[in-house]
1. Can you give the angle from 0 to 90° between the axis of helix 151-160 and the longest principal axis of the chain, with both taken from C-alpha atoms, to the nearest 10?
2. What's the exposure ranking of 72, 62, going from fewest to most Cβ atoms within 10 Å?
3. In deg cm²/dmol, rounded to 500, what helix-only [θ] at 222 nm does the chain give when every DSSP H run of at least 4 residues adds -39500 (n - 2.57) and the total is split over its residues?
4. Quick check on region 101-196: take the gyration tensor over C-alpha atoms, sort the square-rooted eigenvalues as a ≥ b ≥ c, and tell me if it's rounded (a/c under 1.5), prolate or oblate.
5. For residue 90 and residue 112, what is the calculated FRET efficiency with R₀ set at 25 Å and r taken between the beta-carbons, to the nearest 0.05?
6. Once you place label points 7 Å from the Cα toward the Cβ at residue 14 and residue 80, how far apart are they in nm?
7. Mean separation of Cα pairs under 8 Å and 6+ residues apart, divided by the residue count of the chain: what relative contact order is that in percent?
8. What is the angle, in °, between the Cα long axis of helix 18-41 and the longest principal axis of the Cα atoms in the chain? Nearest 10 is fine, range 0 to 90.
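Values quoted throughout were computed directly from the atomic coordinates according to the rules given, and no laboratory measurement underlies them. Keep in mind that what you see is a predicted model, and the values were worked out from it rather than measured. Ideal geometry is used to build each Cβ from the backbone, glycine not excepted, and the neighbour counts take in all protein chains shown.
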């Protein structure tokens, strides 16, 4: 089950480059500015929905602006704080998408890191994308104890795929393949330790 591990020795920490957060922040800011421009003064031949009293469009634009502002806050946080995306510890690992940690996931609770493809929407069209699925022995227990910010996403992953935790290709930069290989080695090591005679002794 996941737990915080403030005193556990960290073997490796991966942090995404700051320039990636900067690009995402600029993109979110640009989209937010467009939504606000449409809402206040219109854009091109499109008049402001407030002026035309097109309330459904106004609500949609407001929602878009609110989401954009939220993303600006998230990417600004990631730019200045640059929280780790992954921590590898002796006992397990912590996956931290968007800077929110899953808590400690023990190597002994991981069955395998499985390469598979999942259904997604690519430019508005259904398609499949490759991922590395972290297959857990007790996924439902972990989903219940994931942070509230991650629980809905991981719960959907759990229902639609073989694991709640799906790692996308290149998520760990140029060292992605090497990091996945290290994680697989730790899973194998934990499995061998659990199969050792002394681990089964009463």
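1. Tilt relative to the chain: about 70 degrees.
2. Least to most surrounded, the residues fall as 62, 72.
3. -15000 deg cm²/dmol
4. Numbers: a/c = 1.96, a/b = 1.32, b/c = 1.48.
It comes out oblate by the Cα gyration axes.
5. Values: r = 19 Å, r/R0 = 0.78.
Approximately 0.80, to the nearest 0.05.
6. 2.7
7. So the answer I get is 20 percent.
8. 30
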